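Derivation of every value follows stated rules applied to the coordinates shown; laboratory data play no part. What you are looking at is a predicted structure, and each value in this text was computed from that prediction instead of being measured. In this analysis, Cβ positions are derived from the backbone assuming ideal geometry, glycine residues included, and neighbour counts consider all displayed protein chains.
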Amino acid sequence: MEVIIQPSPDAAAAVAARIIGDLIRRKPDAVLGLATGGTPCGLYKELIRMHRQEGLDFSGVTTFNLDEYVGIPPGHPASYHRFMQENLFAHVNVPPGNIHIPDGNTPDIPQFCARYEEQIRQAGGIDLQVLGIGHDGHIGFNESTSSLVSRTRIKTLTEETLAANQRFFAPGEPVPRHVITMGVGTIMDSRTCLMLAFGEGKAKAVASMVEGPITAMCPASILQMHRQTSLILDPPAASLLTRTAYYQHVFANKPDFQRVSAFPVI
Ligand code: PGA
């Protein structure tokens with residue numbers, strides 16, 4: 001796993017956007033796995049800027065989102081359909097027919113989930129999956145104790161995740177208990193994973209993921225078994241790692257062909 005520590009969330013988002021921009025320029029029909037939540041907002045802002053100012057072209061790109069709540073309409077202010085529209089899709093040129101987000105109102109959830117997996121396969125698999133991490137180490141909505149080989153399916157959220165996501169709902173409005181999420185195995189099938197994590201609140205989950213044992217108690221820890229995962233952190237999110245000097249040394253001494261050169265090493 002590659003650990004990249006940047007001076008700020010904005011600097012981290014710029015590195016992540018550059019990695020994605022390079023991928024799209026190299027492979028115009030790239031398949032992106034996308035995430036929602038507070039973490040990727042800066043990344044999406046930077047991709048929008050690159051689209052507007054640098055002509056980054058999304059016209060051949062296909063996207064699959066990680067997850068969606070069950071039972072709220074797509075236009076609900078907290079729905080991930082709405083989030084993606086507002087934070088990315090309304091501002092770049094991904095063709096609407098290439099956008100896939102789980103349908104939280106499907107009448108047949110198991111059938112929908114099997115079809116979502118099939119659509120990912122038919123698209124050629126996910127080239128790069130954007131990820132955040134929950135305070136408990138979840139990825140997508142795969143809470144602690146999720147099967148580490150799970151596929152897209154319905155999940156029940158923990159009380160902690162319900163509380164963490166209450167901020168996206170009106171005061172007093174209940175957060176849906178159920179979600180559809182790509183499984184841990186679905187995420188592991190992506191060719192590359194790009195995780196962002198910011199703030200002290202994520203430090204414990206980040207340390208467990210990178211330096212702890214592989215365990216379903218921290219589903220993100222399975223990324224230790226992923227062939228190409230980059231984790232981009234701000235200093236508070238990196239604060240509980242023990243090998244920080246080594247990660248910085250690796251980043252500073254990359255062979256030229258691997259270098260993300262324009263970004264500072266701190
Ligand atoms: P956040 O959520 O980006 O809103 O912190 C991350 C997650 O729960 O996966």
Report the rotationally averaged projected area of segment 1-138 based on its alpha-carbon convex hull, in square nanometres. 9.2 nm²
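Which net charge results for the neighbourhood of Gly137, defined as the other residues with beta-carbon distances under 10 angstrom from its beta-carbon, given Lys and Arg at +1 and Asp and Glu at -1?
Working: positive: Lys202, Lys204; negative: Asp136, Glu143.
So the environment of Gly137 carries a net charge of 0.
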Dipole of segment 1-93 (Lys/Arg Cβ +1, Asp/Glu Cβ -1, origin at the Cα centre): which of Thr63, Leu34, Asn93 lies farthest to the positive side? Asn93
Would you calculate, for the chain, the mean residue ellipticity at 222 nm contributed by helices, counting each DSSP H stretch of 4 or more residues as -39,500 (n - 2.57) and dividing by all residues, to the nearest 500? -9000 deg cm²/dmol
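Nearest-5 percent of antiparallel DSSP beta bridges in the chain?
Values: 9 of 30 bridges.
Of the beta bridges lying entirely in the chain, close to 30 percent run antiparallel.
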From the Cα centre of segment 56-119 to that of segment 152-174, the distance in Å is 19 Å
Could you list the square roots of 5 times each eigenvalue of the Cα gyration tensor of segment 2-258, that is, the equivalent ellipsoid semi-axes, sorted largest first and rounded to whole Å? 26, 23, 18
Can you compute the charge dipole magnitude of the chain about its Cα centre, using +1 on each Lys and Arg Cβ and -1 on each Asp and Glu Cβ, nothing else charged? Give it in debye, rounded to the nearest 20. 420 debye
Below 15 angstrom from the Cβ of Gly125, what's the summed charge of the other residues (Lys, Arg +1; Asp, Glu -1)? 0
Label-point gap, in nm, between Gln224 and Ala90 - each point 7 angstrom along Cα→Cβ: 4.3 nm
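Only helices at least 20 Å long along their axis, Cα-based, and averaging 0.0 or more on Kyte-Doolittle count here, so list those DSSP H runs from the chain.
Values: long enough: 9-26 (25 Å, 0.54).
Helices passing the filter in the chain: 9-26.
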